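The block underneath contains the structure these notes are about, expressed in structure tokens.
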Amino acid sequence: MNSKDKNEVFIDPTSDIFILYLFGSPGNNDILLNFVNSVLSDAGFSKIVEVEPLNPFNIRKFVDDKMSILDIKAKDEDGRIYDIEVQTIGNDLYINRSLYYWAKNYSDQITKGESYSILKPVICINLLKFKIFKEIENAHTCFMVYEKDFKEIPLTDNLQIYFLELEKLFTNAKMLEDLYNWFEYFKNEGKNKGESMQTLLEKNKIFKKAHEKYVEFTQNDELRNIYESREKFQRDQIALVDVAKKEGIKEGIKEGIKEGIKEGKLEAARTMLKDGFTIEQVIKYTGLSKEEIEKNL
């Protein structure tokens, strides 16, 4: 494939593998910092000074692992933990998943015998390509813990869960420019070379650098192959779950077992749980053990 052909390859800029590459590659802390600060400031919180990925991008990890869950874990100068995850499809059950990941990240900070005083805030940022709060117009929402009659007084700021719903971009006016620019970037990168994208790249060096990383990703044969492999695997699993929905739990999952190996069954189990199936149903129709399912959630 020549250079011209590579430049024409489209990679979804909201794919989990590219997001981890963009925010987690060495030398990209400034891009991650800009994104996190755009979210925090839009919610009325102070910006942070520095942020460091805790799971930096490592291409070797993904060569033979199509089903790994990719999220960006990072820590700021005060020890606050950030977990950034991308989700392409889902429903309101995703809220439970996000709360579960917050709880896991929060509890993992201490081991038995350590003081609760060392616990730092955990801030989860969910970048969604589907609408999850249809009754809320805002594309950016922040959830915390409040007393029911005094909502201006939070119990703690240790729990913050943000949802960025990309599909709501042009229906929402309540957003600061910095975060709006990120919505614009994710919407247009790789497919829109019009005036708005050009203006974005020219007026902000962060997006110019992000675009350079995008081009770098699309021109790397190994990265593109990993991306395409993950995309195909995810499409196959979505198709299997669609079969389950149309033909009934038992027959749909039987078809999935016939088509897949253990990797496929685990991914189907994840998706079924997100879609509301009980863990007992998943165990019954996939043949997986409870331990296997919980270990790979």
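The values are calculated or read from the model by the stated rules, or taken from the named source; none is laboratory data. On a predicted model such as this, the values are computed, not experimentally measured, just so you know. Every residue, glycine among them, receives a Cβ derived from its backbone with ideal geometry; neighbour counts consider all protein chains shown. Each accessible area value is taken on the protein alone, full model and side chains, heavy atoms only, with ligands, DNA and RNA left out. Shrake-Rupley method; radii C 1.70, N 1.55, O 1.52, S 1.80 Å.
Descriptive notes on the structure:
- Percent accessible area from carbon and sulfur atoms, the stretch 80-120, protein chains only, probe 1.4 Å: 57
- Pairwise label distance in nanometres, Ile89 with Ile118, each label 7 Å out on the Cα-Cβ vector: 4.2
- Listed pairs Lys148/Lys284; Lys104/Lys187; Lys168/Lys265; Lys151/Lys174 exceeding 29 Å between Cα atoms: Lys148/Lys284; Lys104/Lys187; Lys168/Lys265
- In this calculation the C-beta distance from Asn138 to Glu212 is compared with R0 = 30 Å, giving a FRET efficiency of 0.45.
- Three-way shape call for the stretch 49-144 based on the alpha-carbon gyration tensor, with the a/c threshold at 1.5: oblate
- Packing-based ranking of 155-165, 50-60 yields 155-165, 50-60, ordered from highest to lowest mean Cβ neighbour count within 10 Å.
- Global form of the stretch 175-219, assessed from the alpha-carbon gyration tensor, a/c cut-off 1.5: prolate
- Per residue, the stretch 107-220 exposes an accessible area of 58 Å² to a 1.4 Å probe, with every protein chain left in place.
- Alpha carbon centroid spacing (whole Å) that separates the stretch 119-140 from the stretch 149-227: 14
- Prolate/oblate/rounded label for the stretch 99-157 (Cα gyration tensor, a/c 1.5): oblate
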